[in-house]
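Input: a single structure, listed below in structure tokens.
The values are calculated or read from the model by the stated rules, or taken from the named source; none is laboratory data. Every value quoted in this text rests on a predicted model; they were computed, and no experiment measured them. Every residue, glycine among them, receives a Cβ derived from its backbone with ideal geometry; neighbour counts consider all protein chains shown. SASA here: full protein model, heavy atoms, side chains in, ligands and nucleic acids out. Shrake-Rupley method; radii C 1.70, N 1.55, O 1.52, S 1.80 Å.
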Amino acid sequence: MKFVSYSRDGGEIRAGLSVDGKIVDLADGAAAIVASLPYNVVEILGLGLDGMTTAGNVADAAYVGSIPTMSESEVTLEASVQTPSTIFLLAGNYQSHIMEGGGSAVEKEKINPRPFIKPTTSIIGTGDPILIPPDSETLDYEIEIAAVIGTEGRHIAVANANDYVAGYTVFNDVSARSLKIEEGRTERPGDGFFDWLLGKWCDSFAAIGPYLVTKDEAGDPSSLEMALTVNGELRQHSDAGEMIFSIPESIAFLSRFVTLRPGDLICMGTPGGVGATTE
């Protein structure tokens with residue numbers, strides 16, 4: 001299945017599915033088959049197997065034409081996941097990205113993942129404007145594959161981690177790497193790191209793709225491919241198999257410290273090709 005969050009004519013954002021190129025409203029579709037679903041994708045994920053089963057039944061009904069659908073041109077596709085409790089990201093999870101910033105290739109056995117988070121105020125959808133903050137003159141792009149958690153868990157084993165994934169979406173970790181706030185200040189140890197974080201946290205800096213593709217449809221996550229273009233020019237092209245830490249390894253690591261909840265995004269780092277990297 002392909003979950004979406006959509007709006008019409010500037011109205012409320014509702015959960016839907018993309019079925020054979022058409023959009024079906026999940027709450028209305030569920031009512032049509034004498035069932036019920038919330039209006040929010042994260043709340044549907046929180047229902048677990050019952051929610052996914054009902055969504056699948058709605059998809060089946062839409063596919064055979066027994067419930068109403070809309071063309072994609074009739075709606076605006078928003079960020080597929082509207083209300084994640086946390087957006088987790090991994091820094092330096094591709095060798096090519098580390099090395100383009102002047103670093104040396106790392107030995108996986110001697111390091112651990114480097115997670116950080118973004119505030120939910122940074123979320124935008126496909127086609128939404130990215131806002132340049134007054135403290136920066138430049139912006140950078142970072143395409144990533146994001147795993148979306150479907151089942152709450154903590155202390156998750158690597159071997160079981162995929163059981164906690166609902167699906168995958170594309171993510172652009174927008175970054176401002178040349179903040180002006182350092183001008184005139186007295187430098188302290190760690191200032192560079194906190195500047196880097198601020199350059200990740202700005203409003204509109206978490207662009208979430210329009211489709212949340214369930215893991216049964218997406219297939220093996222290690223083969224997921226991604227590409228990013230700027231004004232038609234290909235800047236990044238890679239696949240998840242090039243990650244240093246895999247999605248299951250990253251889920252297991254994060255769950256040692258925090259509870260992962262339905263709708264959480266785990267953004268798996270970016271490959272080489274970033275415009276002005278300093279990592």
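Counting other Cβ atoms within 10 Å of each Cβ, which GluC sites (Glu not before Pro) in the stretch 62-163 have at most 12 and sit in a DSSP loop? Passing sites in the stretch 62-163 are Glu107, Glu137. Given a 1.4 Å probe and the protein chains as shown, Ile13 ends up with an accessible area of around 70 Å².
Listed by chain and number, the lysines placed with their C-alpha closer than 27 angstrom to that of Lys200 are Lys108, Lys110, Lys118, Lys180; residues fewer than eight positions away on the same chain are left out.
Taken one residue at a time, the phi angles of the stretch 143-155 give Karplus couplings (6.51, -1.76, 1.60, θ = phi - 60°) of 6, 9, 9, 10, 8, 10, 6, x, 9, 5, x, 9, 6 Hz. Gly and Pro are set to x. Annotation: amide H of Leu224 within the under-5 Å range of Ala240, Gly241, sequence separation 5 or more or interchain, hydrogens built in the peptide plane. Charge dipole (Cα centre; +1 on Lys/Arg Cβ, -1 on Asp/Glu Cβ; no other charges) of the stretch 128-186 amounts to roughly 180 debye. Overall form of the stretch 113-221: oblate. Here a/c, set by the Cα gyration tensor axes a ≥ b ≥ c, is 1.5 or more, and a/b is not larger than b/c. Across the stretch 52-58, coupling constants 3J(HN,Hα) worked out from phi with the 6.51/-1.76/1.60 Karplus curve, θ = phi - 60°, read 5, 5, 5, 4, x, 5, 5 Hz, and Gly and Pro carry x.
In debye to the nearest 20, how big a dipole does the chain give about its Cα centre with +1 on each Lys and Arg Cβ and -1 on each Asp and Glu Cβ?
I would put it at about 540 debye.
Mind listing which chymotrypsin sites (Phe, Trp or Tyr not before Pro) in the stretch 216-279 are in a DSSP loop and have 13 or fewer other Cβ atoms within 10 Å?
Numbers: sites: Phe245, Phe253, Phe257; in loops: Phe245, Phe257.
Counting only loop positions with at most 13 other Cβ atoms within 10 Å, the chymotrypsin sites (Phe, Trp or Tyr not before Pro) in the stretch 216-279 are Phe257.
Place +1 on the Cβ of every Lys and Arg and -1 on the Cβ of every Asp and Glu in the stretch 69-129, take the dipole about the Cα centre, and give the residue among Ser96, Thr126, Ser71 whose Cα lies farthest towards its positive end. So the residue furthest toward the plus end is Ser96. Compute the Cα gyration tensor for the stretch 3-50, then decide on rounded, prolate or oblate, letting a ≥ b ≥ c be the square roots of its eigenvalues: rounded whenever a/c is under 1.5, prolate when a/b is larger than b/c in the other cases, and oblate in all that remain. Judged from the Cα gyration tensor, the stretch 3-50 comes out prolate (a/c at least 1.5, a/b above b/c).
With every protein chain present, what is the per residue accessible area of the stretch 78-175 (1.4 Å probe, Å²)?
Details: 4510 Å² over 98 residues.
Ligands and nucleic acids excluded, the figure is 46 Å² per residue.
Ranked by solvent-accessible area (1.4 Å probe, protein heavy atoms only, all chains present), the residues Tyr141, Tyr63, Tyr94 order from largest to smallest as Tyr63, Tyr141, Tyr94.
Once backbone amide H atoms are built at 1.01 Å from N, Ala91 has Arg114, Phe116 as its partners under 5 Å, excluding neighbours fewer than 5 places away on the same chain.
Using DSSP, restrict attention to beta bridges with both residues in the chain and report what percent are antiparallel, rounded to the nearest 5. Don't skip to the end; give the middle numbers.
Numbers: 44 of 49 bridges.
About 90 percent, rounded to the nearest 5.
What's the carbon and sulfur percent of the stretch 1-144's accessible surface, probe 1.4 angstrom, rounded to a whole number?
Values: 3680 of 7140 Å².
Taking all protein chains in place, the stretch 1-144 shows 51 percent carbon and sulfur surface.
Paramagnetic label reach from Glu182 (point 7 Å along Cα→Cβ; backbone nitrogen cut-off under 19 Å): within the stretch 117-137, residues 133-137. Applying the criteria of a DSSP loop state and at most 13 other Cβ atoms within 10 Å to the trypsin sites (Lys or Arg not before Pro) of the stretch 1-89 yields no site.
Each residue of the stretch 242-254 was assigned a 3J(HN,Hα) from its phi angle through the Karplus expression (A = 6.51, B = -1.76, C = 1.60, θ = phi - 60°), giving 8, 5, 6, 9, 6, 4, x, 5, 6, 4, 4, 5, 4 Hz with x at Gly and Pro. The listed residues Arg114, Arg177 rank as Arg114, Arg177 when sorted by accessible area, largest first, using a 1.4 Å probe. Identify which of the listed values of Cα extents along the principal axes in Å was calculated from the structure shown: (1) 64, 43, 32; (2) 62, 48, 28; (3) 56, 43, 32. Correct label is (1).
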